[in-house]
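Written out below as structure tokens is the structure these notes cover.
Derivation of every value follows stated rules applied to the coordinates shown; laboratory data play no part. Since the structure is predicted, the reported quantities are computational estimates derived from the model, not experimental observations. Methodologically, a virtual Cβ is constructed for each residue, glycine included, from the backbone with ideal geometry; neighbour enumeration extends over all protein chains shown.
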Amino acid sequence: MEPRDRDTTDAGASLDRDAFRALLGRELPRVRAFLSRLGAPTDDLDDLTQEVFLTVIRRLGWFRHESKISTWVFGIAVNVLRGWRRRRDVDVRELDGIRSAGPTPDGDLVAREEGERLRRTLQRLSPPLREVFVLRHVEGLPAVDVAEALGLPEGTVRRRAHEARLRLRTWLADAAPVDRREVTREDSP
Amino acid sequence: MTRRDPRDPLEDAIRAFRARPIPPPRDGLEDDLLRAFDLAHAAQGSAWRRGAGALAAAAVVLVALRLALVPSPGASDAAVGVERPRAHDAGGEGASDVALDVARLDLRLDAFLRRLDAMQAAAAAPEPSPPSPPASERLAAHAANDPALYRLAAARSFEEIDPRSAARRYRELLDLEPEGTAAAVARRRLAALVR
């Protein structure tokens, strides 16, 4: 049985306080960013992050070091977000009130628009495709780690990642400004 | 033939998306989580020292985590019989604060474990015999074995509300089963109705 499937407790048995502090320093910002990229509303980011790490504390004793601890934590984050959606009986895709993470103070306007467009487009993906896409292509995890985090076969991860990319390309092209769309020779004068 | 933009729009979008700023966490989130770690660790050790089983130790850690971070005393705390300590009454920080919380948690741990033991004992006790089924179910059970008895009971139930209907049912019963105990009762009831 995988460590993350064991609903039991051996709090912190495999990690001392300093190691946990280091884990927090390294993973807490990543988890918050990851949850945000998956569509968690900004107002709930802290609560969700807290829930992720409480689960980490409860289950640390069952982490076997067979995978990277960051992969394991990402898997917990996905489950926490799924649970949050179920409890609220809502898919965050449907929420109108999701706020953008905010403007980039000195960022390039075009880049900011591109990032914002992908954020909106991601919300059209089903949660299973979105989870795989964000872990694989935004967080940059290898397919094998995504499979470990989500408890999926690696082939399924690759298939979903491919499907997500295809859909996003299409949707982004539809939503892109005219000058960024594909230009065909037939369209040229 | 298609001439593509030299840049990959999706990769550009991913880079831009990745670069979006995420609002900083609330002040003290990391400290709270460290404190939860300490409490959970201490609570688990305390539970083991008291001879608690794995289930009880797990429950104790959950309670400790809830005590550490749930923002207000909630129903779930009351449900396990643990009063939420006021974590910041200590006025200190870090380890001393945690020590005080653990001490308060310890005070309540015995009661909590006793309660858990009682729950486990109750769960292990033999179940009481089931209550009697309602009259309608008993009647249905009888009817399965004795249709005449069922017809008799049905006819009698009509006596108060519709005596003519009751009389008709007694006659039907007598037509179908002119002999036996049900028939004898039906005959007496019918005689009383038509008198």
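Listed values, structure above:
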quantity: Projected label distance in nm at B:Arg195 and A:Arg26, using a 7 Å step from Cα toward the beta-carbon; calculated: 9.7
quantity: Simple spin-label estimate for A:Ala175 and B:Arg171 in nanometres, 7 Å along Cα-Cβ; calculated: 8.1
quantity: Rough spin-label spacing in nm, given labels placed 7 Å along Cα→Cβ, for B:Arg188 and A:Val144; calculated: 8.9
quantity: Residues A:Arg82 and B:Asp27, FRET efficiency given R0 of 30 Å [Cβ-Cβ distance, rounded to 0.05]; calculated: 0.60
